[in-house]
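Below is one structure, written out as structure tokens, with a few remarks after it.
Every number here is computed from the coordinates shown, using simple stated rules; none is lab data. As the structure is a computational prediction, the values presented were derived from the model and not from experiment. Don't worry about glycine lacking a Cβ; one is built from the backbone with ideal geometry, like all the others, and counts go over all protein chains shown.
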Amino acid sequence: MLRFLDQLDNQDRRILDEMQRDGRMTASDLAGRVHMSTSAAQKRLRKLERLGYITGYRAHLDPRAVDQAYLVYVQVKLSDTTRATLDKFNSAVLEEPHILSCDMLTAGFDYLLKVRCADMQAFTALHGDVISALPGVQQTFSFPVMMEIKDTTALVISRNTRP
């Protein structure tokens, strides 16, 4: 269900901000942070979940701790962009767990992939065996990341933050 930020009051916004910071906090902790009773905070949280503002809860893992420290962005150009080729490519990408994100762009290439694996050797195998073999791939350009400066999934919830 599609909702809009303008339909939220300040308490809802504060709940969303706090839950992005720590999705595991107790209802009591959340209530304290947003200055509400525990039952009121819990009720609003359940409403935000039900309406689709909150789509799930996840653990954020340290990539180094799970041997996935090597981060690479890959530009992908397809041989054509017919609906059939796009659908096949999209479906195949969804099945590959090392591809963390895939965005279709209007650029000199068609997709930008964010890929994580153990090291250059693992990426070389992944690129040759999986990425280059994805349906419709004509050309790729890979960009290994030297240093991650910022990595977040937190969205801006404040009312007046439109660029």
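May I ask you to work out the translational diffusion coefficient for the range 70-144 at 4 °C, viscosity 1.567 mPa s, via Stokes-Einstein with Rh from the Kirkwood sum over Cα pairs, reported in whole µm²/s?
Diffusion coefficient, whole number: 106 µm²/s.
So, in Å, what gap is there between the alpha-carbon centers of the range 87-143 and the range 8-58?
36 Å
Quick one: Karplus J couplings for the range 101-107, per residue in order, coefficients 6.51, -1.76, 1.60, θ = phi - 60°, nearest Hz, x for Gly and Pro?
Using θ = phi - 60°, the values come out as 8, 9, 10, 8, 10, 9, 8 Hz.
Which one, Leu86, Leu48, His127, projects farthest toward the positive side of the charge dipole computed for the range 10-163 from Cβ point charges (K/R +1, D/E -1)?
Farthest along the dipole direction, towards plus: Leu48.
Which net charge results for the neighbourhood of Gln75, defined as the other residues with beta-carbon distances under 14 angstrom from its beta-carbon, given Lys and Arg at +1 and Asp and Glu at -1?
0
Place a +1 charge on the Cβ of each Lys and Arg in the chain and a -1 charge on the Cβ of each Asp and Glu, then give the dipole magnitude about the Cα centre in debye, rounded to the nearest 20.
Here the size comes out at about 820 debye.
Place a label point 7 angstrom from the Cα of Ser142 along the Cα-to-Cβ direction, then list the residues of the range 69-87 whose backbone nitrogen is under 19 Å away.
69-78
Regarding the range 11-163, what whole-number volume in Å³ per residue does the convex hull of its Cα atoms give?
Enclosed volume per residue, from the Cα hull, is 159 Å³.
Got a sec? How would Arg44, Arg64 order by Cβ neighbour count within 10 Å, fewest to most?
Ascending number of Cβ neighbours within 10 Å: Arg64, Arg44.
Taking the Cα centre of the range 38-112 as origin, work out the dipole magnitude from +1 charges on Lys and Arg Cβ and -1 charges on Asp and Glu Cβ, in debye rounded to 20. Walk me through the numbers on the way to the answer.
Values: 10 positive and 9 negative charges, 141 e Å.
Using Cβ point charges on Lys, Arg, Asp and Glu, the range 38-112 gives about 680 debye.
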